[in-house]
Structures are given as C-alpha cells and as structure tokens.
1. Can you check what the net charge comes to around Ser197, using other residues whose Cβ is under 15 Å from the Cβ of Ser197 (Lys, Arg +1; Asp, Glu -1)?
2. Could the peptides 204-214, 475-485 be put in order, highest first, of the mean number of other beta-carbon atoms found within 10 Å of their residues?
3. If you take the beta carbon distance between Asn526 and Lys431 as r and set R0 to 56 Å, what does 1/(1 + (r/R0)^6) give as a FRET efficiency, to the nearest 0.05?
4. I need the calculated FRET efficiency for the pair Phe314 and Ile122, taking r as the beta carbon distance and R₀ as 41 Å, to the nearest 0.05.
5. Based on the mean of other beta carbon atoms within 10 Å per residue, what is the order of 370-378, 459-467, most packed first?
6. By average Cβ neighbour count within 10 Å, what is the ranking of 114-123, 181-190 from highest down?
7. Which part of region 111-154 falls in the paramagnetic zone of Trp100, meaning amide N under 18 Å from the point 7 Å along Cα-to-beta-carbon?
8. Please report the spacing between the Cα centers of region 371-397 and region 427-479 in Å, no decimals.
Amino acid sequence: MSIWIFFKLIGSLALLMFGMKSMSDSLQKMAGSQLRHVLQAMTTNRFTGLLTGMFVTAAVQSSTATTVMTVSFVNAGLLTLAQAISVIMGANIGTTLTAWIMSAGFSFNITDFVYPAFFVAIILIYSKKKRFIGDFLFGVAFMFLGLGTLRQTGIDMHLGENQEVLQFFAQFDPDSFLTTICFLLLGGILTLCVQSSAAVMAITMILCSSGVLPIYQGIALVMGENIGTTVTSNIAAMTANTQARRAAFAHMFFNLFGVCWILIVFKPFVDMVCGMVGYDFTLVKGDPGFLKNAAKLSFVLAAFHTCFNLANTFILIWFIPQIEKLVCRVIKPKKADGDEEDFRLRFITAGFMKTPELSVLEAQKEIQSFAVRIQRMFGMVRELVAEKDEGAFVKAFSRIEKYEGISDNMEIEIAKYLDEISDAHLSDETKAKIRAMLREISEIESIGDSCYNIARTLNRRIKGKEDFTQDQYHHMHQMMELTNQALTQMNATLVGYREQNDINRSFNIENEINNYRNQLKSQNINDIDDHKYTYAIGTMYMDIISECEKLGDYVVNVVEARMGTKQRNN
C-alpha cells in the first residue's frame, strides 16, 4: 500500500468523523433546549424512555451525545437512574441508523450527490436564521464525501488481491472461538483509540466487502465496537456524582451482557442475519454473482448491529430495577458526595463539555446550587447574631469565613466554565443566557460578601465587649427574616420555569426591606440622642441593617438577570 493511499484512507476517515460531528452538533443547536425538554418529558416509564433515547440518537446521529447528555441529566438530578437506563437502551438502538447509512454509502458511489449539498449549504450558512441548517447540510455532505472516498479507496487498495493481507487474516481460524474473542477485543481497542465506532465500522465494511475479512470476524469487530463506545461515557462520568457514574456503568453493563449471550449463540445468530439479508456463504471468488453477493456484506454488518441491539434491549428492558440495584452495589457513593463543607462543583465537570446547550444546563444547575449554599451561609449569620458563648462564636465565625472562600472559588470556576462555553459557535439565545448567568454569579458572590461583612461586624462587637439592646436584637431578627424571605424567593426563581415566576414578589420584599431600613435609621439617631446605647454600638447596629438592605439589592439583581433572559429571548 502506497503512502498516498494510506493518507487517502485516514483522510477519508477524518472526513467521515468530522461530517458526523458537524451534523450532530448542528442538529443539537437547532433543537436547542427542546432536546433536553424531550428527554425530561418523555421518560415517564421504561418504554417511553426507550423510544426517547432511540429517536433522539437517530436524530442527532450520536449515541455518545445522547448517553453523555443522559449521564449529565442524572448528574443534575433531572433524570432518575432507572429513567437514564431506559434512555441509554434506546440510544443503542438509535445508533444503528448510522450503520445503515454507512452500508448504503458503500453500496453505490454517493459522492456525485454531495456537491449540490455543499453549494446549498454555503448559501444557507451565510443566512442568520438558517445557518444551522447550512451547518447540518455541510455535515451530511462531508459524511457522505468521506464514505464515498473511503469506498473508492477500499477498491483502489485491491485488498482482495494483496497476498500479504490475505495471508495475515488466513492465520486466524474462522471457526475458532479464540479468533472471535481476539477480533472482539481488537474492535473494542480500536474504538477506544479513535473514539468513534462509526470509523471502526467503516474500516470493517471495507475489509469485509473486499473479501479479506470473513464475515464472522467482521461481526466480532462490530461487537467490540459496542463495548469500546461505552468507555467514553464512563470517562465522562469519572468526576461526576455517584448517580451519574452509575448511569455510565449501566451503559457498559448493557453492552457487556449483550456480547456475553451473543457469544453463546454466535454462529446461529450470524447465519440468521445473513439469511435475512440474502447473503450466500457458499459463493466464492469467480462464481457468477460473487460481486453482487459481496456487496451485501455491508448490509449484513448493519443488520447484525440492529438485531443485536434490538434483541439485547428486548431481554434487558424487563430487568431495569434489577440492573439499577446491581449498579448501585458496584458503584459506591464517594465520600465527598455528602460533604457540603468542602468546595466541590456538583454539576460542572470537564467531561461534559459536549454541546453549548448541555453545558449551559450544567452551569445553570451549578448556579442554583451556589445560591442554595449562599442562603445556608446567611442562615449561619442569623445564628451568629444570637450566639453568646465566645468559643462557639469563634467556631461559627470561622465556618462563615470558610464559606466566603467557597463563594469566591465557585464564582471563579463557574465564570471560567462559562467563558469556555462562549468560545464555541453559539446561537444568540445561548449567548444571552451566558451573559445573564455571568451577572447572576457575580451578584450571588456579592451576597456572600454581605454575609461575611455582617459576621465581621458581629465579631467586632464581641471583641469590643459591648452588646446590643433587646430592641436592637428584635429589629435585626426582623430585618434578617425579610432578607431570608428575599433569598428564598430568589432560589425559587432560579429553579422554576421563567414563565411561572413573578418578579414582583421579589420587588415587594425589597420595598419592605428598604422601608424598614429607613425607619430603623431614623429611630437609631433618636435612640443615640436619648443615650439608649453608645454611638459605637449604634454604628455597628446600622452597619448590619444596611448590609441586609444591600444584600436585598443583590437578590433583586439576580432575579432581574434570571427573568431578563426570558424577556430578551421572547
């Protein structure tokens, strides 16, 4: 094989992989948030979950995208583990469409049809409204150009006449179980290396259709691809929470179980598939109809892939609760999963940077977690106000200091993640979401600063050996109760659907806080004049009241950022 044909081979594989990725990404951008709404809404039971996974994967042409998305939703708490397992089963069926598209591409020269698609795509890509359709057409055209070039390269290589290649594969006994295992492992390793089962499927089709690789070994490679592709979602889930790692492991278990039982009935199953397609084992090179018969091999591989996944799903769909119990036993919770005192992003993980829509979802869930953590910090400050024991006060104050550090780190990490997303090719809607989210995290971090400022003021009071009056304590508790109501409403706004939220609730609480602050400010001046307490205590008291009012302003800013995204989008 000349160096030119080698580069043509790897180049056409790269075109195929790039085309499939472009097609998948553009479809996900076109679907936008609807894709995740479909996944959430249509997983009420195991059968709807199965159909959802199947249709979403068939649409986006990537089982990896669907699986990683599903694992992400489990990580974000949007899907249960049982729902995720049914979606992953459906994804395995949906991905078989890719094999059928590829087998069609190997059956006739499809490259003549791609050039008009390129022409239409370049026109659409410069249209603001239809640029994603242009991206999709480019992806389809590149995929078929890669397939066509791959098919022609396979013909040009004359593998069926290459004695060295023929001798290499002749070393393996086609009837040996060990040979099947070797090719199964080879398929898994190749898929793991190139991170694309489609590319390995294309190579398998070239080898089989050229007559070099017997169909049994070719199908063993396809089985190996099924195992190799599960490694991607498991790598993605390594840094995720326990439920996400369990969902990824369930994907691996599903495919491993399928490979195990298919090995028991391997030859009868393959013979049945060949019979369905109409492939004749008895024809050899030189017989009439040999070439026509060999052309069916790519369809045999696609048919096996489909039958294997359908049969495996039909067997396992009845045992989803048992699979759930098994993966829960194998994947134990991380020690850090329940540790709220340590800084650890719960939803954002490097492995999930797959599509902007999915990444925005992860960031939004992380912001919700950030806001809940900040309200917990404010609760600690409220407890600090009533703390009289100096030792307990110091311990509580140091805990608040720790939370302040966590707050700063969370803002930086979420902002860094959003910055990485913004480097991608984004829709205007997603850009607006990211701008709003950057504002949200900045304001939430400011709430953390206000909490820490109140704690520092209380610390000054302890060191000064002075105390507030009962009336001052009463007023501070009332102000903090109003502030906590504002935080509760903010968290409800961040979690709920925008169209169901009422921004006026937050404005009303903010008005109450402002009016109460003004009332207490005037009363404080009179109380100092009447010598009810010292000027120093009065200053610290008003610092706390004013900081609560500032905190209320930051809350309104967060709510406005959240609701403002909706207003701009609509």
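The values are calculated or read from the model by the stated rules, or taken from the named source; none is laboratory data. Small disclaimer: the values here were computed from a predicted structure and weren't measured. Neighbour counts run over all protein chains shown; Cβ positions are idealised from the backbone, glycine included. Areas reflect the complete protein model, heavy atoms only, side chains present, ligands, DNA and RNA absent. Shrake-Rupley method; radii C 1.70, N 1.55, O 1.52, S 1.80 Å.
1. On the way: positive: Lys21; negative: Glu225.
Within the 15 Å Cβ shell, the charges total 0.
2. 204-214, 475-485
3. Values: r = 52 Å, r/R0 = 0.93.
Plugging the Cβ-Cβ distance into 1/(1 + (r/R0)^6) gives 0.60.
4. Numbers: r = 44 Å, r/R0 = 1.08.
Calculated transfer efficiency: 0.40.
5. Top of the packing list down: 370-378, 459-467.
6. Result, highest mean first: 181-190, 114-123.
7. Taking a point 7 Å out along Cα→Cβ of Trp100, the residues of region 111-154 whose backbone N falls under 18 Å are 144.
8. After rounding, the separation between the Cα centres reads 12 Å.
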